[in-house]
1. Between residue 31 and residue 105, what FRET efficiency follows from the Cβ-Cβ distance if R0 is 35 Å, with the result rounded to 0.05?
2. Sorted by packing (mean other beta-carbon atoms within 10 Å per residue), highest first, where do 24-32, 93-101 land?
3. Taking Rh as the Kirkwood radius, which is the inverse of the mean 1/r over Cα pairs, what is the Rg/Rh value for the chain?
4. When DSSP assigns beta bridges and you keep just the ones with both residues in the chain, what percent turn out antiparallel, to the nearest 5?
5. Relative to the Cα centre, what is the charge dipole magnitude of the chain, using +1 at the beta carbon of each Lys and Arg, -1 at the beta carbon of each Asp and Glu, and rounding to the nearest 20 debye?
6. Pull out a ≥ b ≥ c, the square roots of the eigenvalues of the alpha-carbon gyration tensor of the range 1-87, then state rounded if a/c is under 1.5, prolate if not and a/b is larger than b/c, and oblate in the remaining case.
7. Of the peptides 107-116, 137-146, 166-175, 49-58, how do they stack up when ordered by the mean number of other Cβ atoms within 10 Å, highest first?
8. Provide the gained length on full extension for the span residue 69 to residue 137, in nm with one decimal, where the gain is 0.36 nm per separating residue minus the Cα-Cα distance.
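Just so you know, all these numbers are worked out from the coordinates, no wet-lab data involved. Note that this is a predicted model, so its numbers are computed, not measured. Because the Cβ atoms are built from the backbone with ideal geometry, glycine has one as well, and the counts that use them run over all protein chains shown.
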Amino acid sequence: MVRPQSREIVVGVTGGIAAFKTAQLVSQLVQDGYGVTVVMTEAAERFVGSATFAALTRRPVASAVFQPDQFPQGAHIELARRAELLVVAPATADFLAKAAVGLADDLLSTLYLAFAGTVLAAPAMNVEMWEKAAVQRNVAQLRADGVRFVDPAEGWLACGTRGVGRMAAIDAIAAAIRDLAPLGVATIEDERCPES
């Protein structure tokens, strides 16, 4: 007998205009069979309401370090232990900077430090920001630290210009997730007693 093998993912959503696209990504992951928990920064909630992600995942959205009713041991600890993959989409310049230097001043940055598994980041920002030497230093440091990236694409940006900085296509991010945490099937062993 076979059954789908569930994989647990945490999707971190930061405060960029591309956050609305992450709803489509989360919906696709849930439809594919992943267990998804969303962590939102305070800035992300200014772009997309947490109710959107709660409805798509059928799970509460985590947004604060201290949520003792939901996470008695701390959200950053419990989510880090639960998930196999941490995806940050969009990954803003702010998040990349925090992660590169180990700053933990909100749930997502604290979770990043507590998480021992694979991290996948999908940056999104204005082209001038993306090309800034400081941002590129942070990206290089994170790559050296083992963070995987789905690099931003070139195209029309929310600031009204064209350039590299828009979050990669949802299909590209989903494909990277499937490569890092492939869904498969797990067999259920025959429950009959072995012959004596």
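1. That gives a FRET efficiency of 0.55.
2. Per-residue Cβ counts within 10 Å, averaged per peptide and sorted highest first, yield 93-101, 24-32.
3. Ratio of gyration radius to Kirkwood radius: 1.03.
4. 30
5. The calculated dipole for the chain is roughly 360 debye.
6. Cα axes put the range 1-87 in the oblate bin.
7. Peptide ranking by packing, descending: 107-116, 166-175, 49-58, 137-146.
8. Roughly 20.6 nm would be gained on extension.
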